[in-house]
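Undergrad: Would you mind keeping the following structure in view while I ask a few things?
The values are calculated or read from the model by the stated rules, or taken from the named source; none is laboratory data. A quick note: this is a predicted structure, and the numbers were derived from the prediction, not measured. Quick reminder, even Gly has a Cβ in these numbers, built from the backbone with ideal geometry, and neighbours come from all protein chains shown.
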Amino acid sequence: MLTKDYYFELPEHLIAQYPSSERGNDRLMLLNRFTGEYDDYMIKDFPSLLDPDSVLIVNNSKVRKARTYAVSESGGLVEFLFLSENQDSSWNCMVSKAKRQKVGKKYSFLLSDGTPYVNAVILAENSDGTKKVGFDKPIKSEFFSLLGHVPLPPYIKREDEFSDEKRYQTVYAKKEGSVASPTAGLHFTPELLEQIRGRGIPIYEVTLHVGAGTFLPVRTERIEDHHMHSEHFEINDETFDALNKAKAEKKKIVCVGTTSLRTIESSADESGFLKKKEGNTDIFIHPGYTFKFVDSLFTNFHTPESTLLMLVSAMAGKENIFRAYEHAIEEEYHFFSYGDAMFIKS
C-alpha cells in the first residue's frame, strides 16, 4: 500500500483555526463501517446514536503547556517542546532550528521581567532527532504554568490564546502528560456525558499520553515501512476488569478518539480480551489490521497521508472513508483538531 493513495485535496478554509463558539456545538457524521452509508447529525445527537448495549471509552490524559521559549547564548529565541522527563531529571525536547542547537549549547528560560527562571544545556542528541536537555533545577508544574504555551498543532496558523487553555483540553482530563490533545474528546460536555450515562451506557477512562509524533507525516513510500512513535498507556484495574466483562457479555465497545482505540487494541490479544494494563505502544493500525476488541470509533476528520487516516480506513474501509470525506468537503465540515466529528459505527 502506498502513502500517496491516502492523499486528498482539502480546501484550506475547512481547516478549523478555532473551536466552535460553544463546546459541543459541532457537526457529526454517522458512518456505517460495513456498508459505507453516512448521514449528517450534530454532536448533541450522539447519545441517541449509541446502541443501548454499548460502553464508551475515553482518554483522560491532560495536555501539558509544553511549548516554551528560551534565549540562547548568542541571544536568539529558541522554541522547546517538552516531551518526556528522564530519570536523571533531564528532558527530551523538540527544539526549533534543531541543526543549530548543538551539544553543550546553553540557554536561559526567562520570566516576563527578563530574569532567568531556569538555565539549560543540551546534553545529547537522541536517535529520533530530539535533544536531551539538562537544567540547573528540576522542572516542575510551576515552570509550565509560568512559561508554557498550549502546544497547538502546526496546521493551526496562529499563536495560542487564553481560551485555548480550556478549549484544547477535554472536560475529563486528569493525568498530565500529553503534548497534543486527544481531540475527539474536545466535543464532549458534562451534560453530554450525563445524557450518555442516563441511557445506561457506562463511560470508562484509560490514559495514553499523546506524543508530538502524532503530527509527524508518513515519509515512507509504502505505508508498511513507516515506524510509529511510542506512547505510554495505562488502564486501571477496575476499568480493565469492567471492559473484559463487557466484552464477554458482547457489549459494543465504542472508543472516543484514536488514542483510546490504540490503547485498547495494544492491550488486547488474539483471544479478544485485554491482557496488558500498562506499557508503551507503537502500534500502527492500517488497512489489513483485524480489530481485536473495539467495535466503533468516535473521531475527528484527519489529515491527508496521516497514520490516523490510515487507522480509520482500517476500521471502515478506505473507499468508505474517502466517500465520506468527499461528502464532508462538499458540505463544508471543518477538519482536524478543532473541527467536526465522525462516528464510525458497527
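Undergrad: What pairs come out if I take residues in segment 183-194 that are assigned by TED's automatic domain parsing to the domain that holds C255 and part of a helix (DSSP H, G or I) and pair them with residues that are buried (at least 22 other Cβ atoms within 10 Å of the Cβ) and of a type in the set (A, V, I, L, M) whose C-beta lies under 7 Å away, six or more apart or interchain?
TA: So the pair list comes out as A184/V256; A184/A341; G185/V58; G185/V256; H187/A341.
Undergrad: Need the failing condition index for A184 against (1) under 30 Å from S127 (Cβ atoms); (2) modelled with pLDDT of 95 or more; (3) within 14 Å of the chain's Cα centre (by Cα), just the number.
TA: (1)
Undergrad: Considering only residues that are of a type outside the set (D, E, K, R) and surrounded by fewer than 16 Cβ atoms within 10 Å (Cβ to Cβ), which ones fall in segment 50-70?
TA: If the condition is that a residue be of a type outside the set (D, E, K, R) and surrounded by fewer than 16 Cβ atoms within 10 Å (Cβ to Cβ), then P52, Y69 are the ones that fit.
Undergrad: Can you go through G129, G134, G148 and tell me which one is under 24 Å from the mean Cα position of the chain (by Cα) and under 18 Å from V71 (Cα atoms)?
TA: One residue alone meets the criteria, G148.
Undergrad: Got a number for residues in segment 129-140 being surrounded by 14 or more Cβ atoms within 10 Å (Cβ to Cβ) and not in a strand (DSSP E or B)?
TA: Qualifying residue count, segment 129-140: 2.
Undergrad: Being at pLDDT below 95, among the aliphatic types (A, V, I, L, M) and crowded, with 16+ Cβ neighbours inside 10 Å, is that true of even one residue in segment 219-227?
TA: yes
Undergrad: Taking segment 92-116 as the search range and keeping residues that are touching a residue at least 40 places away in the same chain (Cβ under 8 Å) and either within 14 Å of L77 (Cβ to Cβ) or out of contact with any Lys or Arg (no Cβ under 9 Å at 6 or more places or on another chain) (or both), which one is surrounded by the fewest Cβ atoms within 10 Å (Cβ to Cβ)?
TA: L110
Undergrad: Out of F109, F143, report the one residue that is in contact with a helix residue (DSSP H, G or I) (Cβ under 8 Å, 6 or more places away or on another chain) and either modelled with pLDDT of 95 or more or outside any helix (DSSP H, G or I) (or both).
TA: On inspection, the qualifying residue turns out to be F109.
Undergrad: All but one of (1) more than 17 Å from S84 (Cα to Cα); (2) touching a residue at least 40 places away in the same chain (Cβ under 8 Å) hold for R197; state the number of the condition that does not hold.
TA: Result: R197 passes all but (2).
Undergrad: What is the residue count in segment 146-161 for residues that are surrounded by 11 or more Cβ atoms within 10 Å (Cβ to Cβ) and not in a helix (DSSP H, G or I)?
TA: 10
Undergrad: Turning to a different aspect of this structure: Checking T281 against (1) modelled with pLDDT of 95 or more; (2) surrounded by 16 or more Cβ atoms within 10 Å (Cβ to Cβ), which test does it fail?
TA: Of (1) modelled with pLDDT of 95 or more; (2) surrounded by 16 or more Cβ atoms within 10 Å (Cβ to Cβ), only one is false for T281: (1).
Undergrad: Check segment 328-336 and report whether any residue there is within 30 Å of K245 (Cβ to Cβ), in contact (Cβ under 8 Å) with a residue 60 or more places away in the chain and in a helix (DSSP H, G or I).
TA: no
Undergrad: Among the residues of segment 59-106, how many are part of a strand (DSSP E or B) and small (G, A, S)?
TA: Number of matching residues: 4.
Undergrad: Only one of (1) at pLDDT 95 or above; (2) crowded, with 21+ Cβ neighbours inside 10 Å; (3) in a loop (DSSP other than H, G, I, E, B); (4) not small (G, A, S) fails for V171. Which number is that?
TA: Unmet for V171, out of (1) at pLDDT 95 or above; (2) crowded, with 21+ Cβ neighbours inside 10 Å; (3) in a loop (DSSP other than H, G, I, E, B); (4) not small (G, A, S): (2).
Undergrad: Still on this structure, I have one more. Do we have any residue at all in segment 14-29 that's outside any loop (DSSP other than H, G, I, E, B), under 18 Å from the mean Cα position of the chain (by Cα) and either among the hydrophobic types (A, V, I, L, M, F, W, C) or under 21 Å from A328 (Cβ atoms) (or both)?
TA: yes
Undergrad: Right, another one. Could you identify the single residue in M29, M42 that is in the same structural domain as H232 (by TED's automatic domain parsing), surrounded by 12 or more Cβ atoms within 10 Å (Cβ to Cβ) and either in contact with a Phe, Trp or Tyr (Cβ under 6 Å, 6 or more places away or on another chain) or aromatic (F, W, Y) (or both)?
TA: When all the criteria are applied, what remains is M29.
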